[in-house]
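The values are calculated or read from the model by the stated rules, or taken from the named source; none is laboratory data. Note that the structure is predicted; figures quoted are calculated from it, not measured. Methodologically, a virtual Cβ is constructed for each residue, glycine included, from the backbone with ideal geometry; neighbour enumeration extends over all protein chains shown. Protein only, heavy atoms only, side chains kept; ligands, DNA and RNA dropped before computing areas. Shrake-Rupley method; radii C 1.70, N 1.55, O 1.52, S 1.80 Å.
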Amino acid sequence: WSNIAISRVLLENTCLFVGTSLEDPNLRRLLDASHREQPTKKHYILARSPVAGDDKLRSPVAQAILEVFAASYQQLGVTPVWFDGFDEIPHIIDNIRDLKLNNS
């Protein structure tokens, strides 16, 4: 029943994943299935940048790494919102909330 509930949420809502790596195979399977059924449905993940702390964040190598990670998320219908430090999460969530309130 939990798989059915999660599938329904993924199909009927835009989801924001916070505090998960999306490495759980069951969740990835459900995301993949929902993305195949509704490829235009968007979900998002707040993810620590795989190049966080790198002084050369603009380097071609760092950008290539980000693109590889983003592509793996996007295959599941999930768009990453990168952050470098965990202290950024409340500000990002506030911005998302403010966007939602302004678009209502």
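Residues in the stretch 32-42 that are closer than 25 Å to N95 by Cα and either modelled with pLDDT of 95 or more or of a type in the set (S, T, N, Q) (or both): T40 only.
When the stretch 47-61 is examined, which residues are found to be of a type outside the set (A, V, I, L, M, F, W, C) and either exposed (fewer than 11 other Cβ atoms within 10 Å of the Cβ) or over 21 Å from G85 (Cα atoms) (or both)? G53, D55, K56, R58, P60 - these are the residues of the stretch 47-61 that are of a type outside the set (A, V, I, L, M, F, W, C) and either exposed (fewer than 11 other Cβ atoms within 10 Å of the Cβ) or over 21 Å from G85 (Cα atoms) (or both).
For the stretch 68-83, indicate whether the set of residues that are small (G, A, S), without any contact (Cβ under 8 Å) to a residue 60 or more places away in the chain, surrounded by fewer than 14 Cβ atoms within 10 Å (Cβ to Cβ) and touching an Asp or Glu at 6+ places or on another chain (Cβ under 8 Å) is non-empty. So far as the stretch 68-83 goes, no, none of its residues is small (G, A, S), without any contact (Cβ under 8 Å) to a residue 60 or more places away in the chain, surrounded by fewer than 14 Cβ atoms within 10 Å (Cβ to Cβ) and touching an Asp or Glu at 6+ places or on another chain (Cβ under 8 Å).
The single condition among (1) open to solvent by less than 70 Å² (accessible area, probe 1.4 Å); (2) within 16 Å of Q75 (Cα to Cα); (3) outside any loop (DSSP other than H, G, I, E, B); (4) of a type in the set (S, T, Y) that Y44 does not satisfy is (1). Of the residues making up the stretch 1-41, those that are of a type in the set (A, V, I, L, M, F, W, C), open to solvent by less than 60 Å² (accessible area, probe 1.4 Å) and under 10 Å from the mean Cα position of the chain (by Cα) are C15, F17, L22.
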